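Input: a single structure, listed below in structure tokens.
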Amino acid sequence: MQDRQMAILNIVSNTPKINVSNLAEQFGVSQVTIRRDLETLEKNGMLKRFHGGAMPVSDDDTARRLLTKFETKLAIAKEAAALVENGETVIIECGSTNALLAVELANKSGVTIITNSAFICHYIRGLSGARAILLGGDYQKESEVMVGPLTRICLKQFHAKKAFIGVDGFRPDNGFTCVNMMRAEVAQAMADQADQVIILTDSGKFDQIGVASQIKAGDVDIVITDSGIGREKRQMLEKYGIEVITVQAGS
């Protein structure tokens, strides 16, 4: 993604609507150039165009959440990808950081991704190394994920060395949490089918609590997060036997 396109996304995500003419003036380029940028971003599901301008996608949309702490999420994704060998099959749950991980894995050789995220399958579709198995289930259209009993049944047909899970919060007495109970159930089912459970999350999630219990801390092997996690929370995770890997926090 070009720097200008990233800047456009930041503007669009913070305003209800913006016109092509305003964007062209801000960036000192032609309206034709801005329209091309908007077309590219819309094809990737990152915004919605209307005649003469653009607007953000819904709050629950993975593409929109990619814009928040993008550099940090990308660094976490790259660190996670380093744990995966060529030819390996991995399970990846939905989420913006996991979408970036999928891109990194699609640049490896022969990696197969098992996922409940239609967004992830769409996101990596143009990459030559993209190999994905999309689980069936009830479709949650805003976040583009499959959930429910059928998804859990599908998961029982697979086994992987590693499952990469995204989270929405953490409770010291109960482990990792999610804002959606059905997604939480699928995440737990993914963890059950893997030898190693790896949580990918920015440090801000440790100051939040989701409504649904997702995965007990004792069932997690590795947490990859950013340097903003702080010593106290890091030590708390390590008491559960979790290996904590940190990357430099970005914007």
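The values are calculated or read from the model by the stated rules, or taken from the named source; none is laboratory data. Quantities reported herein were computed from a predicted structural model and do not represent experimental measurements. Backbone-built Cβ (ideal geometry, glycine too); neighbour counts: all protein chains shown.
Worth a mention:
- Residues within the stretch 181-201 that are of a type outside the set (Lys, Arg), farther than 17 Å from Asp221 by Cα and buried (at least 20 other Cβ atoms within 10 Å of the Cβ), tallied: 2
- Qualifying residue in the stretch 36-46 (condition: modelled with pLDDT of 90 or more and of a type outside the set (Asp, Glu)): yes
- Residue match in the stretch 48-62 (condition: at pLDDT below 95, surrounded by 23 or more Cβ atoms within 10 Å (Cβ to Cβ) and in contact with a Phe, Trp or Tyr (Cβ under 7 Å, 6 or more places away or on another chain)): yes
Per-residue answers, yes or no, for (1) touching a helix residue (DSSP H, G or I) at 6+ places or on another chain (Cβ under 6 Å); (2) in contact (Cβ under 8 Å) with a residue 12 or more places away in the chain; (3) in the same structural domain as Gly95 (by TED's automatic domain parsing); (4) not hydrophobic (A, V, I, L, M, F, W, C):
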position	(1), (2), (3), (4)
Arg131	no, yes, yes, yes
Val145	no, yes, yes, no
Ala189	yes, yes, yes, no
Leu200	yes, yes, yes, no
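- Pick from the stretch 162-216, criterion small (Gly, Ala, Ser) and within 23 Å of Thr68 (Cα to Cα), ranking: farthest from the chain's Cα centre (by Cα): Ala212
- Condition met for Leu237 (under 18 Å from the mean Cα position of the chain (by Cα) and among the aliphatic types (A, V, I, L, M)): no
- Count - residues of the stretch 147-165 that are touching a strand residue (DSSP E or B) at 6+ places or on another chain (Cβ under 6 Å) and either more than 18 Å from Thr89 (Cα to Cα) or part of a loop (DSSP other than H, G, I, E, B) (or both): 3
- When the test is whether a residue is part of a loop (DSSP other than H, G, I, E, B) and over 18 Å from Lys69 (Cβ atoms), Glu232 does not pass it.
- Residues located in the stretch 78-94, provided they are surrounded by fewer than 24 Cβ atoms within 10 Å (Cβ to Cβ) and either at positive phi or in a helix (DSSP H, G or I) (or both): Lys78, Glu79, Ala81, Gly87
- Taking the stretch 121-142 as the range and being surrounded by 20 or more Cβ atoms within 10 Å (Cβ to Cβ) and under 18 Å from Ala184 (Cβ atoms) as the test, the residues that pass are Leu135, Gly137.
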